[in-house]
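Read the structure below first, then the notes.
The values are calculated or read from the model by the stated rules, or taken from the named source; none is laboratory data. As the structure is a computational prediction, the values presented were derived from the model and not from experiment. Positions of Cβ are backbone-derived with ideal geometry, glycine not excepted, and every protein chain shown enters the neighbour counts.
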Amino acid sequence: MHSPGPNGNSQADLYRPLRLPIVLVADSRLGGISSSISAYESLLLRGYDIQSVLLFRDEYYQNHEYLRDFFRNKSIPLVPLPAPPTKPLQLDADSRLRDEEAMSSYYQKVSQESEVLRLLEEMSVKNTERIERLEEMASRAHDLIWYPFTQHHGMSAKDITVIDSAHDDYFQTFGSNSSTKPDSELRPTFDGSASWWTQGLGHGNPDLSLSAAYAAGRYGHVMFAGAVHEPALSLADRLLKTLDNPRFTKVFYTDNGSTGMEVAVKMGLRAACDRYGWDASQEKINILGLKGSYHGDTIGVMDCSEPSTYNRKVEWYRGRGHWFDFPLVKMVDGTWKVEIPEELRADLGSDAEFESLNSVFDLKQRLKSDAGQRYKEYIRRTIEDLVQKQGMKFGALILEPVILGAGGMLFW
């Protein structure tokens, strides 16, 4: 299964987009137990379904006895087949004829054995059951699941995409809203959102699967309070060295983006209150950020964005902060432009054109530019007004770098 295909990839990777049901042909010879189990685990890492195992019966090594028990524990049937007739030593016409007759008789006998017939029947039943499960998944999901970022009013089962598998940049989806009968019930569907922007290396990447399996095999899950293990230490060291920022001296690990933002906000507010002698139990401490920003769905970071679809109707939402408007980066008629919002034109001037995207984000040149200086002055005046005239206190600044994803895929 790891023999190279035409492009040099392992055959297990070459056929992976199809995710076909697998019959594993195991090895009955010396060392066959190890190679067969290794092959099984390699297939499992790539998301294949192993429906059955076949191998020749060898009464000396008896691999079939050991592997039968091994695969029985995985709910995978194993069928040992009698060894084929011995190949003749001589290749004369008479010997070849006898060999063909012996092999023909062997195939006919084996194909009629009850275990082989039962295996074929079980595979047919499994395939039927698989299709039946896929057919009912959308309706069951509609009954059982609340979906994130989904308007459920008017939603029906046909609006739910049933994903059987995912590989590289594609999902393998079941069924279609089309009225025409497709050639196949399963088809590739391009993952246009990169699974909400988390898929940089593609789905089912075997290197990532092996790394995850190694981590699971080496550690499983370990507590991290007052403890350390090598991957966490190595990553922290690499992050700090790569950032090369003297202000960053330590790494804090947390679960996900939203709770990561919660941690960052708590750190920022705590540091600000300690620095300026504020009492957060008596005073309102605010956040500075951008219009249209989004930082997560946990209740704390919801307050770090202006009212929107994601937070406006949440009972505890308060929206504690000020959110700046900003120039937008766009390509219009083949030209890169920085578009100034109408309400900022008096402060920042008119739109600007650039030769390339790199020139737009050439930070040193942009800061020196007239527009950059005017925007800097606009920010300074705004904050002075908020703090000195309106009495607001700001404990942290939160910026989504370059692109506001949930806010509308806006480049700022």
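Of the residues making up segment 75-114, those that are within 46 Å of the chain's Cα centre (by Cα) and of a type in the set (Asp, Glu) number 1.
Conditions tested, residue by residue: (1) of a type in the set (Ser, Thr, Tyr); (2) not in a strand (DSSP E or B).
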{"residue": "His2", "(1), (2)": "no, yes"}
{"residue": "Val23", "(1), (2)": "no, no"}
{"residue": "Ser35", "(1), (2)": "yes, yes"}
{"residue": "Ser38", "(1), (2)": "yes, yes"}
{"residue": "Gly47", "(1), (2)": "no, yes"}
{"residue": "Ser52", "(1), (2)": "yes, no"}
{"residue": "Tyr60", "(1), (2)": "yes, yes"}
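Might you let me know whether segment 239-246 holds any residue that is of a type in the set (Asp, Glu), within 21 Å of the chain's Cα centre (by Cα) and not assigned by TED's automatic domain parsing to the domain that holds Asp297? So far as segment 239-246 goes, no, none of its residues is of a type in the set (Asp, Glu), within 21 Å of the chain's Cα centre (by Cα) and not assigned by TED's automatic domain parsing to the domain that holds Asp297.
Scanning segment 23-45 for residues that are surrounded by fewer than 20 Cβ atoms within 10 Å (Cβ to Cβ) and under 19 Å from Leu210 (Cβ atoms) yields a total of 9.
Search segment 47-65 for residues that are on the phi > 0 side of the Ramachandran plot and pair each with any residue that is in a loop (DSSP other than H, G, I, E, B) when their beta-carbon atoms are under 8 Å apart and the residues are at least 6 apart or on different chains. Between residues of segment 47-65 that are on the phi > 0 side of the Ramachandran plot and residues that are in a loop (DSSP other than H, G, I, E, B), the close pairs are Gly47/Arg19; Gly47/Gly204. Looking at this structure, is Leu348 in contact with a Pro (Cβ under 8 Å, 6 or more places away or on another chain) and either at pLDDT below 90 or at positive phi (or both)? Answer is yes for this residue.
Each residue in segment 148-160 was checked for being closer than 19 Å to Phe174 by Cα and either in contact (Cβ under 8 Å) with a residue 60 or more places away in the chain or not in a helix (DSSP H, G or I) (or both), and 3 pass. Within segment 298-325, the only residue that satisfies the criterion of being among the hydrophobic types (A, V, I, L, M, F, W, C), assigned to a strand (DSSP E or B) and touching a residue at least 40 places away in the same chain (Cβ under 8 Å) is Phe324. When Leu117, Leu134, Leu89 are checked against the criterion of being within 24 Å of Phe56 (Cα to Cα) and in a helix (DSSP H, G or I), Leu117 stands alone in meeting it. Considering Arg318, Arg247, Arg312, the condition of being within 30 Å of Ala225 (Cα to Cα), of a type in the set (D, E, K, R) and surrounded by fewer than 18 Cβ atoms within 10 Å (Cβ to Cβ) is satisfied by Arg247 alone.
Residues in segment 343-367 that are free of Cβ contacts under 8 Å to residues at least 12 places away in the same chain and closer than 22 Å to Ile403 by Cα: Arg345, Ser350, Asn358, Asp362, Leu363, Lys364, Gln365, Arg366, Leu367. Within segment 103-120, not a single residue is surrounded by 12 or more Cβ atoms within 10 Å (Cβ to Cβ), among the basic types (Lys, Arg) and closer than 30 Å to Asn311 by Cα. Annotation: His322 fulfils all but one of (1) modelled with pLDDT of 95 or more; (2) in contact with a helix residue (DSSP H, G or I) (Cβ under 7 Å, 6 or more places away or on another chain); (3) over 16 Å from Ser293 (Cα atoms); the unmet one is (3). Apart from one condition, Gly292 fits all of (1) closer than 24 Å to Met409 by Cβ; (2) without any contact (Cβ under 8 Å) to a residue 60 or more places away in the chain; the exception is (2). Filtering segment 191-228 to residues that are among the aromatic types (Phe, Trp, Tyr), within 28 Å of Glu41 (Cα to Cα) and not in a loop (DSSP other than H, G, I, E, B) leaves only Tyr214. I'd like the full set of residues that are within 28 Å of Ile299 (Cβ to Cβ) and not in a helix (DSSP H, G or I), limited to segment 229-274. Of everything in segment 229-274, those that are within 28 Å of Ile299 (Cβ to Cβ) and not in a helix (DSSP H, G or I) turn out to be Phe248, Lys250, Val251, Phe252, Tyr253, Thr254, Asp255, Asn256. The selection criterion, being part of a helix (DSSP H, G or I) and in the same structural domain as Leu55 (by TED's automatic domain parsing), holds for Ser95.
The listed residues are Ile131, Ile145, and the only one of them that is within 26 Å of Thr173 (Cα to Cα), outside the structural domain of Leu24 (by TED's automatic domain parsing) and free of Cβ contacts under 8 Å to residues at least 12 places away in the same chain turns out to be Ile145. Picking from residues in segment 306-328 that are out of contact with any Phe, Trp or Tyr (no Cβ under 6 Å at 6 or more places or on another chain) and among the polar types (S, T, N, Q), the one that is farthest from Asp351 (Cα to Cα) is Thr309.
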